Each structure stands twice: as C-alpha cells, then as structure tokens.
Amino acid sequence: MSTPRIVVTGIGATSPIGATAQESWDALLDGASGARTLEYDWVEKYQLPVTFAAQAKVRPDTVLPRPVSKRLDPASQFAMVAAQEAWEDAGSPEVAPERLGVDFATGIGGVWTLLDAWDVLREKGPRRVMPMTVPMLMPNAAAGNLSLHFGARAYARTVASACASSTESIVNAVEHLRAGLADVVIAGGTESAIHPITIASFASMQALSRRNDDPATASRPGSIDRDGFVMGEGAAVLILETEEHARARGAKIYAAVVGGGVTADSYHITANDPEGHGAARAVEMALAMADASPADITHINAHATSTPVGDPNEYQALKAVLGDRVDEIPVSATKASTGHLLGGTGALEAMFTILAIRDRVAPPTINITTQDPEVPFRISGEKQSLGSGPQLAISNSFGFGGHNAVAAFTTV
C-alpha cells in the first residue's frame, strides 16, 4: 500500500506584520518590522525592563463577532481568525465530519484569561470569577473551539512543546493523514502572551532584547550585535489533506509536506544542546522522510531567534547534517520582522516557507548590521532568488524543554 502524499490547500494568518496571510507575506518581502513600543499602563506600573513587543497588527476581537470573542481567550481568538481565512482559502472543503481533524498548538495557552481571573478572585471574590474561565484558559481551548466551529470529529489534538509546538503539530498532522485518520486536517498554532508576567520572566532570564529606544530593529538574527528575541503574538493555519482528496475536489495546491522530524535534547529545560545533536537528528529525520539529501535543499527558514547563544547553535546543528552545503543555501530568519510568536511561530514560518518556494524567493532578514562570523548562513537584508528548478525547503523550530521540530516542503 503506497503512502499518501500530503499537500497544503489553504493558508491563513494574523501576525504582527499583517492581518492576513497575503498581507503578512507582502510585508515580509517589503522588509517590515512588527515590533513597536507597548502603550499600556502596566508597562510603567510594573517598571518592566522591556517596553516593546511585536503585537498583532489587528486585534482579533475586532474581527470576530462579539459573542464569539467573549467566550475565547485572545490565543483562541487568533486561532479562529487564521483558521477561518485558511478554510475559505482552501475552498471550504466538503468533508465528512468524521474525516476532518484538528492538530493545533500553543506554547502557553490562555495566560490572559488565567491571570485576569486571578486578579478578579483577589479583588472581588470567587463569585465574580467567570464560569468559563477554565475552558478559556486550557491549552487545548484553541483546538477544541476549532473542532466545534468546523465540525471536526476525527480528532482534535493539542501540542504544547514551547516554541517547537506548531511545527510539531504540522508534522503530527502529516503522520495522522498518512495513517488514514482523516482526509483533511486543520493544523497550526497560536499565541497571545504579551503580558507583564511573561515579559518580566523572559527579561529576568536575559532572553529578550532591551533595545527600548528602537524596537523596529531589536530583533536581528545572525547579527553580531544581537541581544535577545522580541515577543510576538498571532496565529497561522495550514489546511492539509491527502493529495488524492485535494485533486478529487479540484483544490489549488500550494506545496506538499514531504518530511518531518521531531526529537528531544534531554539536555536542559531552557538551553538547547550546544552541540545540536537533537536539532540535527530532526533535520535528518525530515530529509529521510522526504527521501532527499542535503544537495536537494534550496531554502531554509531558520529558527534564529536573535539570542546570542541560539543562533550559532542552530548553524552548528545544520552544519553537522548538511556539511559545507549549508553555506550555499539561501536562508531567511523571519523573526527579525515578526518577533517570536512562541507556540505560533512554527506555523507562521511554515507558511512563509511554503510561499517562498511558491514564489521562488527567500524573504529578506532585516536588521543585520554586521553578520556574526559564528553564524555564516547565506542570509541577506535583500530578497534572494531561489531559482527555477525543483524546490525543497525546511523550516526549523526549537523550544524550551529541549523540543526540536523540522518540516520539509516541496513545490508540486
């Protein structure tokens, strides 16, 4: 029995640089930055050492009907906005509910609902805590609400693997489709964690950039003067289905998902393995599933968060697998524009990777002043042509807990 090929038939996103997938892609190619100063009273109230982030360009509660948004945490609101766009983009597939699945991800979940409810409890007592608090804050809320909205009864699964979460959800969706558990899957990830507690925590561990005077240039992956990542928020969604199902209904096809790898470092709860063994194995697994070699790779969307340690570690992991070939492949580090969406970042970057091979262009990586010699990727502040031949691209995601996930895409 042959293994079914899995294809992408719909995309949707709401990000710091665009209200939709296409708007986000256009802004990325134009070199936009989504980072800006936070205009909230709590920034000064708590004397936060970092006063900026990459907020979503459009608030989700201004897009969704009020009765819908009121029962969803912002993370689930973002997921709903992106999923509705992706579903419509896919042509609203007619599929039996028992053959429609959801593989969705978040790194943190409903942090705003949880901490707002805690404030209400302390200030007004237990009777004022909303009955829907737990269903709104739980990490599987986005997957559950997407299942309800679209009538997906095959399954609704949640991944919470920190910053690797939504790439892992895409890899899981491919495996579930190949196993025959569904014909169509809504896959992706979301995050809405630009909150005083998360900013304070990340700042305390010295993970965030502190360029408060110039937020737009703060995220600078691969640049020798990088000083940390920029918090982002939003969601991205891919509609995945078997190629047989897609062609039978005459769907447009963006790309095929031909490989995936998921591993663990078992090294440290926040630091990645400095020798990159787990990350390298994830790349190797993705290439093996794709039946491809390093010579076949035409583009890489790097995890590249702009942290002093993380960027060179990723380069070394890729070097271990790809050898000298890694220095020839056009690389994009799109967090320079979008910031880091944590659990939503893998899905957004997977979408950018798909559009890169469709349009045969590697997006620019903004804010590089002087490239770090320890991160000698073929990276540029200008768009890079991917050429006219066959395309195979990988998108990397690595997260706290030692999670590594890599997805591979080809043109169809």
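The values are calculated or read from the model by the stated rules, or taken from the named source; none is laboratory data. No experiment lies behind these values; they were computed from the predicted model shown. FYI the Cβ positions are ideal-geometry reconstructions off the backbone, even for glycines, and counts take in every protein chain you see.
Give the residue, chosen from A160, A86, A141, A96, that is closer than 20 Å to G10 by Cα, under 18 Å from the mean Cα position of the chain (by Cα) and at pLDDT 95 or above.
Only one candidate qualifies: A86.
In the set (1) surrounded by 24 or more Cβ atoms within 10 Å (Cβ to Cβ); (2) over 21 Å from A235 (Cα atoms), the condition left unmet by H340 is number (2).
Confirm whether A282 is surrounded by 23 or more Cβ atoms within 10 Å (Cβ to Cβ), assigned to a loop (DSSP other than H, G, I, E, B) and either under 17 Å from the mean Cα position of the chain (by Cα) or modelled with pLDDT under 95 (or both).
no
Checking each residue in the range 215-253 for being among the hydroxyl-bearing types (S, T, Y) and surrounded by 23 or more Cβ atoms within 10 Å (Cβ to Cβ) picks out S219, S223. Suppose the filter is in contact with a Gly (Cβ under 7 Å, 6 or more places away or on another chain) and modelled with pLDDT of 95 or more; does M205 pass it? Considered against the rule, which asks whether it is in contact with a Gly (Cβ under 7 Å, 6 or more places away or on another chain) and modelled with pLDDT of 95 or more, M205 comes out as no. For the structure I just gave you, tell me whether F400 is of a type outside the set (D, E) and crowded, with 24+ Cβ neighbours inside 10 Å. Criteria not met by F400.
Condition (residue is surrounded by 23 or more Cβ atoms within 10 Å (Cβ to Cβ), at negative phi and assigned by TED's automatic domain parsing to the domain that holds T242) applied to the range 37-51: is it met by at least one residue?
No, because not a single residue in the range 37-51 is surrounded by 23 or more Cβ atoms within 10 Å (Cβ to Cβ), at negative phi and assigned by TED's automatic domain parsing to the domain that holds T242.
Return yes or no: is V50 over 22 Å from the mean Cα position of the chain (by Cα) and closer than 28 Å to A173 by Cα? It is false that V50 is over 22 Å from the mean Cα position of the chain (by Cα) and closer than 28 Å to A173 by Cα. Count of the range 55-111 residues, restricted to those that are closer than 20 Å to M351 by Cα and either touching a residue at least 24 places away in the same chain (Cβ under 8 Å) or touching a helix residue (DSSP H, G or I) at 6+ places or on another chain (Cβ under 8 Å) (or both), is 30.
Sub-7 Å Cβ pairs linking a first residue in the range 155-181 that is in the same structural domain as V102 (by TED's automatic domain parsing) to a second residue that is surrounded by fewer than 21 Cβ atoms within 10 Å (Cβ to Cβ) and part of a helix (DSSP H, G or I), at least 6 apart or interchain, are A156/G144, ordered by first then second residue.
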